[in-house]
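Since the structure comes first, as structure tokens, the remarks are kept for the end.
The values are calculated or read from the model by the stated rules, or taken from the named source; none is laboratory data. Keep in mind that this is a model prediction, so the values were computed, not measured. Positions of Cβ are generated from backbone atoms using ideal geometry, with glycine treated the same way; all protein chains shown enter the neighbour counts. With ligands, DNA and RNA removed, areas are computed over all heavy atoms of the protein, side chains included. Shrake-Rupley method; radii C 1.70, N 1.55, O 1.52, S 1.80 Å.
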Amino acid sequence: FESFPPGHLYSSKSGGFRRWYNPPWFSEAIPSVPYDPLVLRRAFENAVTKRLMTDVPFGVLLSGGLDSSLVASITARYLAGTKAAKQWGAQLHSFCVGLEGSPDLKAAREVADYLGTVHHEFHFTVQDGIDAIEDVIYHIETYDVTTIRASTPMFLMSRKIKSLGVKMVISGEGSDEIFGGYLYFHKAPDKDEFHRETCRKIKALHQYDCLRANKATSAWGLEARVPFLDKEFINVAMSIDPEAKMIKKDEGRIEKWVLRRAFDDEEHPYLPKHILYRQKEQFSDGVGYSWIDGLKAHAARHVTDKMMFNASFIFPHNTPTTKEAYYYRMIFERFFPQNSARLTVPGGASVACSTAKAVEWDAAWKNNLDPSGRAALGVHLSAYDAETPLSNKPSKVIDSIPRMDFPGVAIQS
């Protein structure tokens, strides 16, 4: 078997795939449309409101980062006049997951208070996540390290959300690929390479973030909708001259500046300023730094140095280079032993979620190949110094929000 490529049709008569999705940006030609913040804002508002058509109870995934916060803000702003509001109520439900005291929980709580959503905060421990790893790999069908790190908390959160009676969530995937939001984009050498890297990232989404968002939620029968990947919106965002997307610290332009600027409305603010300009935090980092540190420690207990020494003989294709990667690969091969299965998973060097091509942007990265955002040394504010101790507290769910009753369904935090 093989992955069904995105944007394609398959014909059993002709016996092959044909790509039907052929947008202007696909050729990777450098665009030149001047940046207009209001055009970008309207395009994204349309993408979000289009996804408010629903016959089931729904909510938004809210990590407290820029992307999910904007989705929540626009949804809360436009929900009142929709058919969904008449059916399920005009107050929006938001959901967040993290280790106790994690960056995302704190920021999400603040955004939820600001927007007035009914906020559901789910806590998990490192051990909870480790216990779920096998189920996650079975459902996500990959051994990619970043994807598994981020899928696990999303998998645990999706189970909780579905148990509340919610059947659809709106999520913020795709923004980092479109706008160059990952921290390694700070090192992009020029606008041409910046744009080509965003194209490469979007084309690979079905193997990474979309794979996670789709399968971590689908494992529990939950539907995820992603307005950043609306076809009309992508056409608008990818036609902007990439010079405007470039990160320029001396001019006060951080990652995703064009998106932040588009929603920086002084009269009718969408978000608090410090949330609107919060530094990019990858989901697997934002749920709590000790999550990744805990995974590495757990893998080190199960994978010996001798196993790593022989890794190239055991796994000649996409040979794991860390004990964590080896640990995931062992589980994957147990579930999916076919050669065709291992060929569906991408490989290659990566730092802070980059493609292999972008690793060439900084010579120092070649010695620090880790998909965590903290690996973007000299860029991420916390880098690797603010290590937090592993949480041994029991998993719990905040239960301070009153029960909400809807026609035919009960949603309880």
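Things worth noting here:
- Counted charge near Ser340, where neighbours are those whose Cβ lies closer than 14 Å (Asp, Glu -1; Lys, Arg +1): -2
- The range 239-309 versus the range 1-46: alpha-carbon centroid distance in Å: 25 Å
- Rounded to 5, the percent of DSSP beta bridges in the chain classed as antiparallel: 40 percent
- Surface composition of the chain: carbon and sulfur make up 54 percent of the accessible area, probe 1.4 Å.
- Considering only alpha-carbon pairs that sit under 8 angstrom and 6 or more positions apart, the relative contact order computed for the chain is 22 percent.
- Electrostatic dipole magnitude of the range 28-301 [Cβ: Lys, Arg +1; Asp, Glu -1; Cα centre; debye, to 20]: 440 debye
- If you take all other residues with their beta carbon under 13 Å from the beta carbon of Gly59, and give Lys and Arg +1 and Asp and Glu -1, the sum is +3.
- Across Lys50/Lys245; Lys215/Lys280; Lys256/Lys323; Lys201/Lys248; Lys231/Lys366, pairs whose alpha-carbon gap is larger than 29 Å: Lys256/Lys323; Lys231/Lys366
- Heavy atoms of the protein chains alone define the surface here; on that basis the range 28-301 has 35 Å² accessible area per residue at 1.4 Å probe size.
- Ratio Rg/Rh [Cα only; Rh per Kirkwood] for the range 28-301: 0.95
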